[in-house]
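These notes are about the structure you will find just below.
Just so it is clear, none of the values below were taken in a lab; they were calculated from the coordinates. Keep in mind that this is a model prediction, so the values were computed, not measured. All Cβ positions, glycine included, derive from the backbone under ideal geometry; neighbour counts span all protein chains shown.
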Amino acid sequence: MEQFVRRVSETLADLPQNDHAIIVIDNCSDNGTRDILQGPAASNPRLLVILNARNYGHIRYPYYAMRQSTWDAVITMASDLQDHPEMIRDFVAPWEQGTQAVVALLIRMG
């Protein structure tokens, strides 16, 4: 989780023209995620942490994050680093040019 937050923060720092926040939603995990997030959230006003009282399922989290957002755009991604946070730049560029929705597809060849 620390690496995810660090890499997203560094990537967003490269996009200073866009005000932003990082919304992290914990699904009532028992792996220490809540404790891990407390330090960075206390020192980073752009890191918003939502701690669920129970696990509502991973399908609902992107929608819930969108509902909590007050920004013009939302990029959703899992924090397990399967998607590289640096890809955010690739999503923002077409959006800044007027594209309303940017979607990434992972295609494995061979």
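Brief remarks follow.
- A Förster radius of 22 Å combined with the Cβ-Cβ distance from residue 54 to residue 31 puts the calculated FRET efficiency at roughly 0.90.
- Spin-label pair residue 81/residue 44, simplified geometry with 7 Å Cα→Cβ offset, distance in nm: 1.4
- Under a Gaussian network description of the chain, with springs only between Cα atoms under 10 Å, the residue in 89, 34, 54 that fluctuates furthest is 54.
- Working note: 222 nm ellipticity from helices only, DSSP H runs with n ≥ 4, each -39,500 (n - 2.57), summed and divided by the residues of the chain, gives -11000 deg cm²/dmol to the nearest 500.
- Residues in the range 13-34 that a label on residue 89 would reach, taking backbone N under 13 Å of a point 7 Å out along Cα→Cβ: 13-16
- With the charge dipole of the range 9-110 set up from +1 on Lys and Arg Cβ and -1 on Asp and Glu Cβ about the Cα centre, the Cα lying farthest toward the positive end among the listed residues 41, 31, 56 is that of 56.
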